[in-house]
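The values are calculated or read from the model by the stated rules, or taken from the named source; none is laboratory data. Computed from a predicted structure; not experimentally measured. All Cβ positions, even for glycine, are placed from backbone atoms using ideal geometry, and neighbour counts span all protein chains on display.
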Amino acid sequence: MPKSDAAAQARHLRFTSPLEYARALRQAHEATISGRPDPYIAPSLVSAWQRSLALGIDPDRHRPVHRHDVSEARRLGADHRLAAVMPALSQLIADETTDGRHLLIVTDHLGEVLWRIGSRHALRQADSLEFVEGADWSESGVGTNAISEALVTGTPAQLFSAEHLVRTHHDWACTAAPIRDPFTGDVLGVLDVSGPIESVTPDSLRMVRCGVRLAEELLKSTGAPAIGAVPGRRGLVPAAQANRTPHTLTLRILGDRPTAEVDGGAPRALTLRRAEILAMLASRSSGWSAEELAYELYGEDGAAASVRTEMHRIRGLLGNVVEPNPYRFTAEAKVETDASIVTAHLRAGRVADALALYPAKLLTRSANFAIELMRDELNEAVGASVRASGEADLVLQWCSTDMGAADSAAAAVVEQVIGAADPRLQLLRARTARLDRELRA
């Protein structure tokens, strides 16, 4: 019997002999990850794994991205449109008894966990995976799982043991399906039931589908959403955000907490990868092809499909700000970054203003080579402008920052301007000497 046929016949073992089936899947996982696809792993899952790997997911040591802390995510959930259906879903699906084994999870339309309900034991098990409110269980947040598959495909999904990409999830089984707005068809979030592999039953998928139908019927009874509004993180957001081009997009990419503001609204946290993409788009008005971005972001093994996935998520978060072929900001949107503001001050000769608005290097946590070049270029431009100003106070201010601390040329300028005996120069020399020792250590 061909191995593919044997794999298909063996899938019933997930319900009759889950531990045996999990062992077979783990072996298939190892083979597939090593470049030898195994029929136990469906081709659609192999494709999903490849997308996740291209996004930087590490099967051995990956932890989910946390968009918000637990308390903040719970506040977001309280304002979300799905909050109205949670009592009914909890009554239908959740098991908070002492012996309860599975969790009820509901995410928003981007895959961020907003609710989780279960027994103390099940919650503790989920804690070990950081399967908590505020965690991003989309494909880019934690790799292939049932929630990410439901978001990508728009259909129910069930992943068992080593069908998950990340190895720490191999003791779990997850069943998920998208919840849609009954009036618009837009995905509002994902309903997921997760637990140890022994907890999955033939009824798990049926239970999740029933929960989704219940949620959508309840949403229908609450009435249609307001005209000009679409489902979003806080229940409903203006349609301009998701369907039309924003008038302004402000990116904060200096430092290690990148954010975006749409039309003057509240800052929206960006993952590092999305911040890198937006920074690169801002750096070149002629745009980038998907292949060019894939190479710059992921190296020689980068896939254009990974870029397209991220662009889809960027539009879901910020609206129609990027046009394809090539990828670039739409002409209708005014895009400004805190880095471009610094550069504009330098071009106008306002060095003091530029330095005042330069609190940290560009995307300090990024190890991407293209971003490193942009980071170094901006930092050198600020340093060179400060040195050229010949203003002692300005140069001393620059040397006291993390960005200018190692600027030995600036220290020489200070000595020329204020004299070798000035105590401020002695402090600067001491700091420079310490940095030299640390570099040689």
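Which pairs turn up if I take residues in the range 106-118 that are of a type in the set (Ser, Thr, Tyr) and look for partners that are part of a loop (DSSP other than H, G, I, E, B) with beta carbon separation below 8 Å, at least 6 apart in sequence or on another chain?
Once the first residue is of a type in the set (Ser, Thr, Tyr) and sits in the range 106-118, its partners that are part of a loop (DSSP other than H, G, I, E, B) give 107/137.
Quick one: would you say residue 206 is out of contact with any helix residue (DSSP H, G or I) (no Cβ under 7 Å at 6 or more places or on another chain) and within 27 Å of residue 33 (Cα to Cα)?
Spelling it out, it is not the case that residue 206 is out of contact with any helix residue (DSSP H, G or I) (no Cβ under 7 Å at 6 or more places or on another chain) and within 27 Å of residue 33 (Cα to Cα).
Kindly provide the set of residues from the range 326-343 that are assigned to a helix (DSSP H, G or I) and either more than 15 Å from residue 252 (Cα to Cα) or in contact (Cβ under 8 Å) with a residue 60 or more places away in the chain (or both), ordered by number.
338, 339, 342
Could you say which residue among 346, 317, 293 is under 19 Å from residue 372 (Cα atoms), assigned to a helix (DSSP H, G or I) and hydrophobic (A, V, I, L, M, F, W, C)?
It is 293.
Among the residues of the range 29-36, is there at least one that is surrounded by 19 or more Cβ atoms within 10 Å (Cβ to Cβ) and over 29 Å from the mean Cα position of the chain (by Cα)?
Taking every residue of the range 29-36 in turn, none turns out to be surrounded by 19 or more Cβ atoms within 10 Å (Cβ to Cβ) and over 29 Å from the mean Cα position of the chain (by Cα).
Among 308, 257, which is in a loop (DSSP other than H, G, I, E, B), charged (D, E, K, R) and free of Cβ contacts under 8 Å to residues at least 40 places away in the same chain?
One residue alone meets the criteria, 257.
Here is a list of conditions, (1) in contact with a helix residue (DSSP H, G or I) (Cβ under 7 Å, 6 or more places away or on another chain); (2) at pLDDT below 90, and residue 184 meets all of them except one; can you say which number that is?
(1)
Taking the range 187-211 only, how many residues are part of a strand (DSSP E or B) and of a type outside the set (S, T, N, Q)? Let's see the steps before the verdict.
In the first step, residues of the range 187-211 are kept if they are part of a strand (DSSP E or B); the result is 187-196.
The next check asks that each one be of a type outside the set (S, T, N, Q); those that pass are 187-193, 195-196.
Within the range 187-211, residues that are part of a strand (DSSP E or B) and of a type outside the set (S, T, N, Q) number 9.
Can you work out which of the residues in the range 361-400 that are of a type in the set (Ser, Thr, Tyr), in the same structural domain as residue 295 (by TED's automatic domain parsing) and not in a helix (DSSP H, G or I) is surrounded by the fewest Cβ atoms within 10 Å (Cβ to Cβ)?
364
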